[in-house]
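Here the structure is laid out as structure tokens; the discussion comes afterwards.
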Amino acid sequence: MTAPSWLQEEHALSLLTLVGAAEAGMREEIPVGAVIADPWGRILACAGNRCLNPVDPSGHAEMRALRLAAARVANFRLPLARIAISLEPCPMCLAALSMARLETIRFAATRLPDGMPCQDTPREHASASAMLLRDFFQPKRENENARQNQAQR
């Protein structure tokens, strides 16, 4: 039995968020990716975090994807579009997504420490997203701990 086409489409969108997240991680950005698709499944935008270069506090994957999708359709409202994100959106991004009036917002990993996935996200994508984040932050935490230990001596 094959999966329904909408499920295959959601799976593909979720995989694309991981591509955007991995690309951001390779640039030393926090590995988060976002993909926006129109109601017919066409990709309007795919983006990863880019806050460090150029220096942009609003360079989150969701914000960048919104800008690209809005430019592509020449409208800041995206009422029938949907977004897939590798990590639960922050308040800034959630507000922007609300302003764009997307129909659906899906994310893989939550911001909770245990990285539990959203209910409707394929488990392997949530795990992969959480792993990208864990692998990105672990060396940074280890370096910080080593620095703190050195300072205490």
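The values are calculated or read from the model by the stated rules, or taken from the named source; none is laboratory data. Remember, it's a predicted structure, so these values are computed and weren't measured experimentally. Cβ sites come from the backbone with ideal geometry, for glycine too, and all protein chains shown count toward neighbours. Heavy atoms of the whole protein, side chains included, go into the accessibility calculation; ligands, DNA and RNA do not. Shrake-Rupley method; radii C 1.70, N 1.55, O 1.52, S 1.80 Å.
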- request: Sort Leu78, Leu52 from largest to smallest accessible area, using a 1.4 Å probe on the heavy atoms of the protein chains.
  value: Leu52, Leu78
- line: Note to self: with every protein chain in place and a 1.4 Å probe, the stretch 1-98 gives an accessible area per residue in Å² of 51
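Starting from the residue with the highest accessible area, list Ser127, Ser86, Ser58 in decreasing order, probe 1.4 Å.
Working: Ser127 55, Ser86 0, Ser58 25 Å².
The residues order as Ser127, Ser58, Ser86, largest area first.
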message: Please report the accessible area of Asp56 (heavy atoms, 1.4 Å probe, ligands and nucleic acids excluded) in Å², nearest 10.
response: 40
message: Suppose accessible area is computed on protein heavy atoms with a 1.4 Å probe; arrange Arg101, Arg77, Arg27 from highest to lowest.
response: Arg101, Arg27, Arg77
- line: Cα-based Debye curve of the stretch 1-86 sampled at q = 0.17, 0.25 Å⁻¹ gives log₁₀ I(q)/I(0) of -0.66, -1.13
message: Rolling a 1.4 angstrom probe over the protein chains, ignoring ligands and nucleic acids, what is the accessible area of Met63 in square angstrom, nearest 10?
response: 30
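With a cap of 11 neighbouring Cβ atoms within 10 Å, and only residues DSSP puts in a loop, list the chymotrypsin sites (Phe, Trp or Tyr not before Pro) found in the stretch 1-91.
Trp40
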